[in-house]
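> One structure is given below, represented as structure tokens, and several questions about it will come after.
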Amino acid sequence: MKENSLKPGKSLLLGLLTFGILVFEFLVLLLDSFLSGKSLKEMNIWRENWYFLIIHWTITVTIWGIGIFLIISWLKRKGFLSRIFSFDLRKRTVLMILFSLILALSLSIFELILFSSKIPQISREYLNFSKLHGNKAVFLSIFQNIYYFFESLIVVFIVAFFHEAGELLSKIKWIPWGGIGLLLTWGLGHFFSHPSGVVYILILSIFIGLIYILSRKNFYPTFAFMLLSFII
């Protein structure tokens with residue numbers, strides 16, 4: 001094995017470590033609970049004062065940003081980044097980004113049919129903010145989508161690490177190992193955080209793993225699909 005190649009165990013550990021960065025949000029929720037004087041069961045962060053949401057997202061995004069920065073810095077220093085991602089911007093990449101857009105839109109339509117959810121999500125959530133927090137809605141929407149940007153970035157790295165581990169262990173490249181790993185971590189985690197939307201998240205986990213494979217591990221279509229899935 002080449003010196004700059006990742007071993008299966010290290011790839012799996014990095015996938016779990018990156019998922020752990022996402023889990024740090026739970027500590028932020030504990031801080032929210034302390035500041036509001038309510039238990040986690042009693043507290044509904046969406047209905048708290050608007051600045052609670054801003055504080056929550058700012059602290060969460062800061063932690064996530066530092067975490068993903070350290071991981072990317074380590075990957076670059078070790079020469080591993082090019083192992084898990086391609087950053088080519090060719091015609092195939094553009095086509096895959098368009099495909100990601102179509103697939104994200106199709107999943108949103110599926111969500112609309114299955115759960116009667118209004119689409120696009122960015123509009124639906126803005127309207128909810130307007131009802132709850134009035135003229136702060138635009139401000140809150142901007143912060144929320146910054147939050148989605150960082151969550152999408154971390155999710156893409158989780159997929160890449162888990163796929164690398166599965167591919168190295170099995171020598172099979174066409175199975176969406178990254179999507180399976182994401183489903184078993186981030187996907188199942190939604191049973192506790194957002195149980196009503198867990199079916200959609202589980203399906204999304206597998207699809208992002210497939211996009212990663214179909215794009216030949218290209219970062220841009222994979223990230224685009226993840227972010228668009230939060231917005232559309």
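> Can you pull out every residue in region 86-123 that is of a type in the set (Asp, Glu) and surrounded by 15 or more Cβ atoms within 10 Å (Cβ to Cβ)?
Listed by number, the list holds a single entry, 111.
> Please specify each residue of region 202-222 satisfying the condition of being among the hydrophobic types (A, V, I, L, M, F, W, C) and either more than 16 Å from residue 82 (Cβ to Cβ) or free of Cβ contacts under 8 Å to residues at least 60 places away in the same chain (or both).
202, 203, 204, 206, 207, 208, 210, 211, 213, 214
> Do we find that residue 89 is aliphatic (A, V, I, L, M) and assigned to a helix (DSSP H, G or I) in this structure?
no
> Follow-up. Within 24 Å of residue 72 (Cβ to Cβ), open to solvent by less than 70 Å² (accessible area, probe 1.4 Å) and out of contact with any strand residue (DSSP E or B) (no Cβ under 8 Å at 6 or more places or on another chain): which single residue out of 152, 170, 141 fits that description?
152
The values are calculated or read from the model by the stated rules, or taken from the named source; none is laboratory data. In this text the structure is predicted, and so the values were computed from the model without any measurement. Every residue, glycine as well, gets a Cβ built from its backbone with ideal geometry; the counts of neighbours run over all protein chains shown. Protein only, heavy atoms only, side chains kept; ligands, DNA and RNA dropped before computing areas. Shrake-Rupley method; radii C 1.70, N 1.55, O 1.52, S 1.80 Å.
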